[in-house]
Structure formats: structure tokens, C-alpha cells
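A.B. asks: The following block contains the structure, expressed as C-alpha cells.
Any read-out appearing in this document is the output of simple, stated calculations on the displayed coordinates, not a laboratory observation. Bear in mind the structure is a predicted one, so any value in this text is a computation, not a measurement. Because the Cβ atoms are built from the backbone with ideal geometry, glycine has one as well, and the counts that use them run over all protein chains shown.
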4 protein chains.
Amino acid sequence: MSKYNELKRECYEANMQLPQLDLVVYTFGNVSAVDRDAAVFAIKPSGVPYEVLKPEDIVILDYENNVIEGKMRPSSDTRTHSFLYREWPEIGGICHTHSTYAVSWAQAQRDIPIMGTTHADYLTSDIPCAPPMNDELIEGNYEHNTGQQILDCFADKGLDYREVEMVLIGNHGPFTWGKDAGKAVFNSKLLEELGRMACLTLMINPNAPRLKDSLIKKHYERKHGKNAYYGQN
Amino acid sequence: MSKYNELKRECYEANMQLPQLDLVVYTFGNVSAVDRDAAVFAIKPSGVPYEVLKPEDIVILDYENNVIEGKMRPSSDTRTHSFLYREWPEIGGICHTHSTYAVSWAQAQRDIPIMGTTHADYLTSDIPCAPPMNDELIEGNYEHNTGQQILDCFADKGLDYREVEMVLIGNHGPFTWGKDAGKAVFNSKLLEELGRMACLTLMINPNAPRLKDSLIKKHYERKHGKNAYYGQN
Amino acid sequence: MSKYNELKRECYEANMQLPQLDLVVYTFGNVSAVDRDAAVFAIKPSGVPYEVLKPEDIVILDYENNVIEGKMRPSSDTRTHSFLYREWPEIGGICHTHSTYAVSWAQAQRDIPIMGTTHADYLTSDIPCAPPMNDELIEGNYEHNTGQQILDCFADKGLDYREVEMVLIGNHGPFTWGKDAGKAVFNSKLLEELGRMACLTLMINPNAPRLKDSLIKKHYERKHGKNAYYGQN
Amino acid sequence: MSKYNELKRECYEANMQLPQLDLVVYTFGNVSAVDRDAAVFAIKPSGVPYEVLKPEDIVILDYENNVIEGKMRPSSDTRTHSFLYREWPEIGGICHTHSTYAVSWAQAQRDIPIMGTTHADYLTSDIPCAPPMNDELIEGNYEHNTGQQILDCFADKGLDYREVEMVLIGNHGPFTWGKDAGKAVFNSKLLEELGRMACLTLMINPNAPRLKDSLIKKHYERKHGKNAYYGQN
């Protein structure tokens, strides 16, 4: 019995949420989960449909992308995941999908503006859209450079990955993360809903304003501030 | 056995309708039910997913927000509910969601115009959108002031809460109410559908007119007038 | 045992298709079926939710709206149904819904243009939208006059009810009919899909043209002409 | 027992995926599968609802549209299928639907532009929209000429059917194909999703650019190039 069974199970269950939450069709998505003590992460194998995916199919790799356990080839996006695990020590899971509204904003190459309290309950800024890579980077180590593109975007915009747990890659789609794989999936669903609402808001009123700062602050602190009073903890 | 079991059951069942009616994802909503004789109300606990919610988790409070029964923390929106129960003696239940179209209109900061008989079957005016609060109120007792914002909006527009059982809070989302918790949930679904149809109507014809007064009157009286002939009573 | 049991069963089963086909929420729709030999029709009782509707709840009436059998009050739209049965001897069933896209076009007060072969497979003209009634008619026998409004619209536009089995009532919603209640429901679903596609087509290309006459003719005759070669008969 | 049972089964199962994938309502679609050794193909019978379709209902024809086995009339689109099987020796299955977004782009008479990597993962060009036929062709052997229209469109645009496995027929809808019937259905679902995302992208940003060439090349080669590293083979 593998010592990574629990990690594989977490990764498997998070992946299986994607079709249930209408975030993927076919194999258009992948979730990973990290074990910081063992310095390995678990990720979906490449191109395996969710209907046939089993916990034992999950691949275990180290941060340098060496396969530690598993017979299948890991997700083609693996190097983006490992890059982020190396750079961002406090994340526990990563999710990538091609969900409809998130991809549409990414293709539109626009940040999703913060327009309401549903958004402000979880993050205090627009959802950033990283520009498409330049051609040199595309022709290089593409998935590694996708991670670099995310990092550069957060540096340019002065964002902290512990506060903004999601990004759009221009012309591609969303990556989200969080304290564990389940939270990363939650953030993907949240992003999809925020993208849908922002799209409809602009259809109803093309001049709809961003949320004002006082409301941004209030809603975020209600859930995440020192005196937070949302939830049971 | 608690003497509030029946009230908890009503509140629980109304809450469980929200995911079934596609009005919430995760924990983005809450319903309460009031017992006027006992001067208490029942409300969903904060941040508990619908899949694990049980009738005994429902929290009982008095109108001053003191917990009368229940081990969990009540919804973070509790003070808006209690405010409305205090101010509006004839309502029996309140529902708050972040449903897609209702939130989109709230973010657009627009009243949902009355454009058809589906709308007129239930209310004779536009669905009001209260403006976002000023900064002073936001920094104060926010959820209490949300109730005040609703009251002010109804006063400004000359609306009666017994006739218009729904409101949008600008940049936030919908609150609905009714004679009991089930009716409040019905009104949330109705509001979502009316918001969706109004959005599509304006896409098809940006100059689509409001419904004319004679049709507003006719449809409303068909269901609610002295000589109403809809339904079995 | 009632001699109308078979008619009630046809009416019941057609009604129960509405929620399955996503054409109604709550009680926002009704279907009727006629027995031409007995000169009676069966219709859904008013305001009864589909989840609790039973075949024996269906109400039997004559063409003058006298209840022949049934303990419940018939649909509030009954007089529109009876009007059409009297005027149009070749129809066997009628369906009325408040489905999303059909209502949106009705609220936009626009005919749904024929833009593709999906439409032309079933009818050779735009789907007509009758204008809202004048105030005098609204204040009169409203549901009867709704039927008159449909008749006038077909006369004005030179349409034959045996060829165009659907209409939108401006600011209200769709009525559809056919050789039996099942066909009337089919036409409601078809209308909803055609309305959805036409709305999206105009979003993608606001100048999208109507279908040209040669294609309209070809597709309709493929299914309904003398040398039809669609289906098994 | 028929020697075509396996072919019928493949065709049946591919057809049954259409309603599961929300690509058809009623009978608005058909899938065929070819047996190149036997020089026959299997296709859905015309106008049979998916709920009652059985494997033994599938019709077997030769490339000249002669029925080899089967009691039912084959799909009214059969001559388009046989035309493509004759002209394109490397395809194994064909799918035709009236799915919502694909039809909407076809009615808009626009190619679906390549705007993101979801698209580039599968094809390197816009999804072509063939113009509606001229009147002479429409009045002739219509379904045969639909096949000719597809061929002419691919010739005009310099496309290879082995690389671009989908097309829109202006004012009509999509045809897709692939190495077998299952792949043809996959391509129909992919086309629907790409059409939906492109529509939403243009709503969010009417000036959204096409994907740049370097990204088109990179994503396609990741999945299909000499050094492809997607999937398990």
C-alpha cells in the first residue's frame, strides 16, 4: 500500500468535483494537491476522462517534475503546477479548468472587475488577467513559463497570492489555488460565477461602476478580518 | 424536545429549496421563518453547506438577535432579518440569495422594469433596487443598516411591503419575503426568472417598453383582486 | 368510472411534460386536449403545482366554458382555449407557457424571424407576435379577447392556423397548438428553442439576414410536402 | 444474426450520446459510422426519438444510398453522409446536430474565430461557415449538394478535412466527423462549447483579437505534433 494514498484520495476527490460543478466537459481540467512534508504533489493523469478516473491513477511527482509514483503520464499542465508549488510555499492545491465564463473573459483579455459583494466576500481586487506570453516564452518551456507569467502578473499588479487565489491567463483560461485542493476547486467555481455575473451586469448596464472601496473593505472583513463573523469558527 | 421544532422544520425545508431551485451555490443564501406568537425567528446557521445542513442546526433568536436555542452561529445576515421582522409585522419569512440574474441587476444598479404579465401576475411596479449605502452606514452596524436601506427605499418610492415582496440591494443582491418562509423562497425564484426575462428582452429590443397600466392592473387583479379567479381558493 | 378518463390522461401527460422540458417553473403554464366527438375539452386546474397534479384533477368543460366534470376550478386561461377550439375546428390540443425566450420575444414585441432551417423544418414564416390588446378589450372579457387577438393577428398577417401552430401575445407569452395535446407541447418546446437561437444569432451578427425563400421552401417540403422524405410515414 | 451488429452498436451508442451531451432535443440530429472494408455505413433512422431508438433500428446502406439492411427509412440527411464517405476516405464517422450555439453561428453566417487555447488544442483555424447554397443547387439533389457545398468550402479556404473536422452550413447547422462515430460526436460537443465561448467573448469585448499564431502552433503541437505530450499514448 502506498504511503501517498491519502494524498491521492484528496486529489481524486477534488478532480471529481469538476464535472459535478459543471466546470469541465471531457478532460478539460485538472487539480493537484501537495504534501509539503513529503515535498511531493499529486495530479490528475493526462487525458483520462472523469468517468473512468480512479484514485490509483493519480500521479505523484516531486517539485522538479520527477514521477515518484504512478504508471500514467501526468497532466500536460504539470509544470505550471510544480512551478507554483515551488514559488508559493503556502498553497496546498491548484485547479485548472476551461470553464465557460472564465475562458470567455480570458479570451477577451480583460480583468473581471469587482462589481458586487459576492466578489468582495472573497477578494478585494479585480480578478487579474495575465497577458498572453511573448513568442520567445511560448516556444520555450511553455508550461513552466505559464507559471512565470502568473508570477509576473502578480508582481506587476502588486497582488499577494494568499489574498487573491485566482488568475486568468490571457487567451487560455483560469488557474486557481488555495490551502488545499478542495479550496482550489471552490475558487474555480467562485471565479466562474463571478465571471458570469460580471458579464450579465455589463449587458444590463455597460456603465455599471466598480464596487466602492468602503463596501469592498466591509464585506471582506466580515468574512476574513480580525473580527470576522461569517461561518462557525 | 424543543418547542421550536416545527419552526425549525419550516425554516430547514425552505432553505433546502434554494439549491433545488438553482438559486444558490455553496452557502450563498439563507432563509428565516418567524413565529409571531413566540416573538422568535429561526434562521440558517452561518457558512454551513446545504448538503450537511440538518433541521436541528437551525438557530432560534428573538427580535433583538439574542440566541434562544441552537449551538451554531446564526447567518451573518441575521440583523437584516430581525430588522425587517421588527419593522414589518405582517411578514412570516425572509429569503436572501446571490442568484445570478438578481445579483446582475443589483450590480447594474437598476430597477427591474415591469415588462410583461409574468411580472404583473405578482406585482404592479418595477422591482426596486436600493442604492448602495453611504460610507458612514457601511462602517456602522452594517446588516442592521441594510434593513434600514430597504425601508428607506420603500419610503422613497412609496411602496408597500405587503404588495411588493422583493428588493435588490445595489451591488449586493436580493432580499424577498412573504407570509411564510416558503413564499419568501417562491419570491426569490420569481425574481430570478423576471430578472432573466427582462435582461433577454432588452437584448432583443433595447427599446422595449414597460407594460401598459391597463395590463398591469388586469393581471394583478386576476390573481389578487376582489374578484380573483386564479388558483383554487 | 368517467367516460373522459382517456381524455384526462392525454391532458395530464401533456401537462407533465412541461416541467420535464424546462418550459415552466411552478404553475406558469397549462395544456388542454379536446374530444371533438363529445364536444368537450380537458384542461389543467388553476394554480395546482405539477408535483402534486393527478389525472383525476383535470377539469372537463364544454366549448361554452361550462364544467362538465371535475371538482377544481379550471385554468384561468380557459376562455382563451375554448375560444380557439370553437374557431379552429382542426386543432386537438393547446399549450400555454411562460417559457424564458418566448416570453422575452413577446416582451420585446417582435416577431421571431425565420433565420435557419431548424425553423423552416416546421413553419415557413416568422413566428408572429400579436400586439398587446387595446384598453377596452383588456377591461372586458380578457381571456376571451386574448383568443380574438390571436385570430385578428392571423387575419392581419394572412396566416393559416394549420400551417403556423404558434403565436406570441405581446407582453404576455406564447400559445401553441396542434393535432393533439402532445403536438401542442412539442410546438412550445420548438418555439422556445427557435427563440433562443434567434436571440443568440442577433447577438453574434445584428445584421444576420432572414432565411432565403428557396431554403424555406425546400426544408418545409422535405418534411411536409407531397414528396416528404422525413420520418417513417 | 446480422454481420453488421457491431457497426450498428457503434452507431447506436454514438447517437445516444447526443441527448446526454445536450446537443439535441427531440430528433434534431443524426450520427453515422462507416465500415470501410464492407463499404457500408450505418445511420440513424429518420424521425425516431432517442428514447425509443434501439440498436436494431439502425439502417445499413452502401455508398450509393442503397439500403443493405434495415426496415426503417434512413435519416433524411443520408445523402450528405454518403457523399462525405465517398469523398473523404479517412473518416470513420459523421455527426449532424442542431445544437444551440453552432446553429446560431451558422444563422449568423460567420466563421467561429479561433480566440483561445481551448480551440487551438484541437484545430489551428477558424471553424469555417459554408455559405448557403445557390437556388439551383437547393432545388436539385439537396442533401447531396450539401456535401458538395462542404467540399467547395474546404477547397476555397484551403482546409484539410483530416485537420479541420467540423463545418457550419450557413443558415443550417453543424456537420462534424472523425476517425469513428464517437470522435464525430466529441467534435460536435467541442464545436458547441467553442461557439458558446466565442459568443460570450465578443459580448465581453467586441474587439477581442484572434489568438496569435505562436500560441495556435504551440497548443496544437502539444496535443497533435511529433512530440505531443498530451494524453496517455
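A.B. asks: Working only with C-alpha atoms, what are the Rg and Dmax values of region C:5-224, expressed in angstrom?
C.D. replies: 17.0, 53
A.B. asks: Give the separation of the Cα centroids, region A:1-51 to region B:1-56, in Å.
C.D. replies: Value for the Cα centre distance between the two parts: 33 Å.
A.B. asks: May I ask for the net charge around A:LEU53, where only other residues with Cβ less than 12 Å from the Cβ of A:LEU53 are counted and Lys, Arg are +1 while Asp, Glu are -1?
C.D. replies: Its environment carries a net charge of -1.
A.B. asks: Next question. Which whole number gives the average, over all residues in A:201-214, of C-beta atoms from other chains lying within 10 Å of the residue C-beta?
C.D. replies: 6
A.B. asks: Moving on. Among the aspartates and glutamates, which fall within straight-line cross-link reach of C:LYS71, defined as a Cα-Cα distance under 20 Å, with same-chain neighbours fewer than 8 residues apart omitted?
C.D. replies: Leaving aside aspartates and glutamates fewer than 8 places away in the same chain, those within reach of C:LYS71 are C:GLU6, C:GLU10, C:GLU13, C:ASP35, C:GLU51, C:GLU56, C:ASP57, C:ASP62.
A.B. asks: Charges on Cβ only, +1 for Lys and Arg, -1 for Asp and Glu, centred on the Cα centroid of region D:1-86; of D:LEU53, D:LEU23, D:THR80, which one is farthest towards the dipole's positive end?
C.D. replies: So the residue furthest toward the plus end is D:THR80.
A.B. asks: While we're on this one: Calculate for chain A the 222 nm mean residue ellipticity that helices alone would give, adding -39,500 (n - 2.57) per DSSP H run of length 4 or more and normalising by residue count, nearest 500 deg cm²/dmol.
C.D. replies: Value at 222 nm, helices only, nearest 500: -13000 deg cm²/dmol.
A.B. asks: What helices does chain D hold that run 18 Å or longer along their axis, going by alpha-carbon atoms, with a Kyte-Doolittle average of 0.5 or more, using DSSP H for the helix calls?
C.D. replies: Span-like helices, by this rule, are D:181-204.
A.B. asks: Relative contact order of region C:7-157: what whole-number percent is it, with Cα pairs under 8 angstrom and at least 6 residues apart?
C.D. replies: Averaging sequence separation for qualifying contacts and normalising by length gives 20 percent for region C:7-157.
A.B. asks: Still on this model: Other chains' Cβ within 10 Å of C:50-59 residues: what's the mean?
C.D. replies: 0
A.B. asks: Rounded to whole Å, give me the distance from the Cα center of region A:157-225 to that of region B:159-192.
C.D. replies: With region A:157-225 and region B:159-192 each reduced to a Cα centre, they are spaced 26 Å.
A.B. asks: What distance in nm separates the simple spin-label points at D:ASN134 and C:LYS54, each placed 7 Å from Cα in the Cβ direction?
C.D. replies: Going from the D:ASN134 label point to the C:LYS54 one covers 6.7 nm.
A.B. asks: Would you please give the residues with an amide H less than 5 Å from that of C:ARG73, counting only those at least 5 places away or on a separate chain, with H modeled from the backbone geometry?
C.D. replies: Close amide H contacts, sequence-distant or interchain: C:SER46.
A.B. asks: Something else: So what are the ³J(HN,Hα) numbers for region A:170-178, from phi and the Karplus equation (6.51, -1.76, 1.60; θ = phi - 60°), rounded to whole Hz, Gly and Pro as x?
C.D. replies: x, 6, 10, x, x, 10, 9, 8, x
A.B. asks: OK, next. In whole Hz and in residue order, list the ³J(HN,Hα) couplings for region C:47-53 that follow from phi through the Karplus curve 6.51 cos²θ - 1.76 cosθ + 1.60, θ = phi - 60°; x for Gly and Pro.
C.D. replies: So the J values, rounded to whole Hz, are x, 8, x, 4, 5, 10, 4.
A.B. asks: If r is the Cβ-Cβ distance from A:ASN227 to D:GLN20 and R0 is 41 Å, what FRET efficiency results, to the nearest 0.05?
C.D. replies: According to the calculation, E is roughly 0.25.
A.B. asks: Bin all alpha-carbon pair distances of region B:80-144 at 5 Å intervals from 0 and give each bin's fraction as a whole percent.
C.D. replies: Cα pair-distance distribution for region B:80-144, in percent: 4, 13, 15, 20, 27, 14, 5, 2, 0.
A.B. asks: Lys/Arg Cβ at +1, Asp/Glu Cβ at -1, dipole of region A:99-229 taken about the Cα centre: which of A:GLY182, A:MET166, A:SER214 is farthest positive-ward?
C.D. replies: A:SER214
A.B. asks: Among residues other than A:HIS144 whose Cβ falls under 12 Å from its Cβ, what is the net charge (Lys/Arg +1, Asp/Glu -1)?
C.D. replies: -2
A.B. asks: In the structure shown, do any of B:LYS183/C:LYS44; A:LYS223/B:LYS3; C:LYS189/D:LYS44; B:LYS226/C:LYS54 have a Cα-Cα gap over 25 Å, and if so which?
C.D. replies: Exceeds cut-off: A:LYS223/B:LYS3; B:LYS226/C:LYS54.
A.B. asks: Add +1 for every Lys or Arg and -1 for every Asp or Glu among the other residues with Cβ under 14 Å from the Cβ of B:LEU191, and state the total.
C.D. replies: -3
A.B. asks: If you take each beta carbon of peptide C:107-115 and count the beta carbons of other chains within 10 angstrom, what is the mean?
C.D. replies: 6
A.B. asks: With the cut-off at 1.5 for a/c, could you classify region C:17-109 from its C-alpha gyration tensor as rounded, prolate or oblate?
C.D. replies: Oblate, since a/c reaches 1.5 and b/c is not below a/b.
A.B. asks: While we're on this one: When ranked by the protection proxy of mean other Cβ atoms within 10 Å per residue, highest first, what sequence do the peptides A:94-107, C:196-209, B:149-162 form?
C.D. replies: Per-residue Cβ counts within 10 Å, averaged per peptide and sorted highest first, yield A:94-107, C:196-209, B:149-162.
A.B. asks: Then there's this: When a/c is below 1.5 the answer is rounded, else prolate if a/b is larger than b/c, else oblate, so apply that to the protein assembly as shown with a ≥ b ≥ c taken from the square roots of the Cα gyration tensor eigenvalues.
C.D. replies: Cα axes put the protein assembly as shown in the oblate bin.
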